[in-house]
Amino acid sequence: MIARWNKALAAVAACALFAGGLTACGTGASANGDAENITLVVWASQEDQANEDSWLQEMEKAFQEEHPEYNITWKNQVVASADAAGVAKQDPTVAADVYSFASDQLGTLLDAGAIGQVSDPTMAQLEEQTEGSETMLDTVRGEDGNVYGVPLAGNTWFMYYRKSKFTEEDITSLDAMLAKGKVSFPLTNSWYVPAFYMGAGGELFGPDGTDGAAGVQFGGEIGAAVTEYLVNFRNNPNFVLDQNGSGLAGLKDGSVDVVFTGNWDAATVRANLGDDWGVAQLPCFTLNGQQVQMKAFAGSTVYAWNPYSKHPKAADQFAAFLSGTYSQEKHYTMRSVIPSDVKVAALLEGDAVAQAQIDTIANTSVVQPSISEMNNFWVPCENFGKAIYNGEVTLDNAAEQTERWMASYESLM
């Protein structure tokens, strides 16, 4: 095992050089000799710590019972996973001991030195939790090949549809659904557009998304063919642009039969379609006469520990506990958050939305790159989607415009 605790203790030494009571640096004193008195600062969402009976507080009690070697003072602070990297990178020495983050922020946290590599025991836990499903493990793998943090829940998008419009076979084909009903798709949103290019074999930053120098590879003959497909898709009379919630509204008023979004819109879909709602992993589309599988970005919400913590072993243990099998099961029970743990996921066969997310991550997704170069990907992709929708990209110039799109990244990467 690499001396991960030694690395962390070196960081602690640096931490001790700063004057004042730094947030992430507890006292570490033992009052009775039997248990070490420690303070752990924890960042989590408001929803997870709303009151004393919330998920986070329940997990803290359970962790304390499991670890009598510690006498823990908990200091919980509200920092959402989407904001954690931005806050932590400002000064990792005063960031929380344990925090949740969105996996696409891993590169930012690594660049800031604000995240600790998992210990061997935590890695063994993670391997059990992701057995047979490498995608979630890959969401927390850095460009150095090491693992940082443990996924608590997956994040991706999939398909909702009006059941009375389509057969079970229809929903496996985007083209079959276009022939029968109105399909709403966020063509101007750069989180969704890559699904077609990645499905056809396009790559972002190499085969595993960690090679910044490899750039964006959505061009060539195949890329041009995908662009042509999207031009035809946009021009199909059954295509409807989804933006600002228009797809969900269309489900309600009957003007839309298919939308692409995630678990966060499940309640709205059910309310708008009643008993006629259906959900599934992503369909295929027809490219050069062949069926090609759409592939969404997949990420995760992760718990990790701060290498500036004065209690690195306890911080690593608690981060692992918060994303452990028991905690994920309780998180689903208490907050309906779909788990990433394969054992817990196997118990959710009656939850159609959970199954669609699990199926999409397992079968029809690509891990969203977390390296810093990814920050430069979004705007040009959004602009290209807008150009397709606005008719600036046509069948006649699809190849040329695709290569121009690819060339726009050269000055950014």
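The values are calculated or read from the model by the stated rules, or taken from the named source; none is laboratory data. Only a predicted model underlies this, so the values are computations on that prediction, with no experimental measurement involved. Cβ atoms come from the backbone with ideal geometry, glycine included; neighbour counts cover every protein chain shown. Only protein heavy atoms, including side chains, enter the accessible area calculation; ligands, DNA and RNA are left aside. Shrake-Rupley method; radii C 1.70, N 1.55, O 1.52, S 1.80 Å.
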- [ ] Among DSSP beta bridges lying fully in the chain, give the percent that are antiparallel, nearest 5.
- [x] 60 percent
Task: Residues listed by number, the range 62-104, amide nitrogen under 16 Å from Q46 label point at 7 Å toward C-beta - done: 77-84
Open item on the list: Positive end of the dipole of the chain, charges at C-beta (+1 Lys, Arg; -1 Asp, Glu), about the Cα centre: which of A314, S45, L248 has its Cα farthest in that direction?
Closed with: L248
- [ ] With label points built 7 Å along Cα→Cβ from the Cα atoms of S173 and N375, find their separation and express it in nm.
- [x] 4.5 nm
TODO: Jot down the per residue volume, in cubic angstrom and as a whole number, of the convex hull over the alpha-carbon atoms of the range 274-334.
DONE: 172 Å³
- [ ] With just the Cα atoms of the chain, tell me how far they stretch along each of the three principal axes, in Å, largest first.
- [x] 75, 50, 34
Open item on the list: Can you tell me what percent of all Cα-Cα pairs in the range 214-371 are more than 25 Å apart?
Closed with: 49 percent
Task: Within the range 34-124, chymotrypsin sites (Phe, Trp or Tyr not before Pro) in DSSP loop having at most 14 other beta-carbon neighbours inside 10 Å - done: none
Task: For A298, distant residues with modelled amide H under 5 Å away - done: V366, V367, Q368
Task: Residue-normalised accessible area of the chain, given per residue in Å² at a 1.4 Å probe - done: 42 Å²
Task: Long-range Cα-Cα pairs in the range 136-230 (distance over 17 Å), rounded percent - done: 66 percent
Open item on the list: If you average the alpha carbon positions of the range 102-171 and of the range 291-325, how far apart do those two centres end up, in angstrom?
Closed with: 8 Å
TODO: Report, in debye and to the nearest 20, how large the dipole of the chain comes out about its Cα centre when Lys and Arg carry +1 and Asp and Glu carry -1 on their Cβ.
DONE: 640 debye
- [ ] Please report, as a whole percent, how much of the solvent-accessible surface of the chain comes from carbon and sulfur atoms (probe radius 1.4 Å).
- [x] 47 percent
- [ ] With runs of 4+ DSSP H residues as the only contributors, calculate the mean residue ellipticity of the chain at 222 nm using -39,500 (n - 2.57) per run, divided by the residue total and rounded to the nearest 500.
- [x] -11000 deg cm²/dmol
Task: Within straight-line cross-link reach of K163, aspartates and glutamates at Cα separation under 18 Å, skipping those fewer than 8 residues along the same chain - done: D175, D253, D257, D265, D275, D276, D351
Open item on the list: So if I take the centroid of the Cα atoms in the range 229-273 and the same for the range 356-413, what is the distance between those two points in Å?
Closed with: 21 Å
Task: Links that overshoot a 22 Å alpha carbon limit, given the list K61/K313; K310/K343; K75/K310; K89/K343; K182/K252; K165/K252 - done: K310/K343; K89/K343
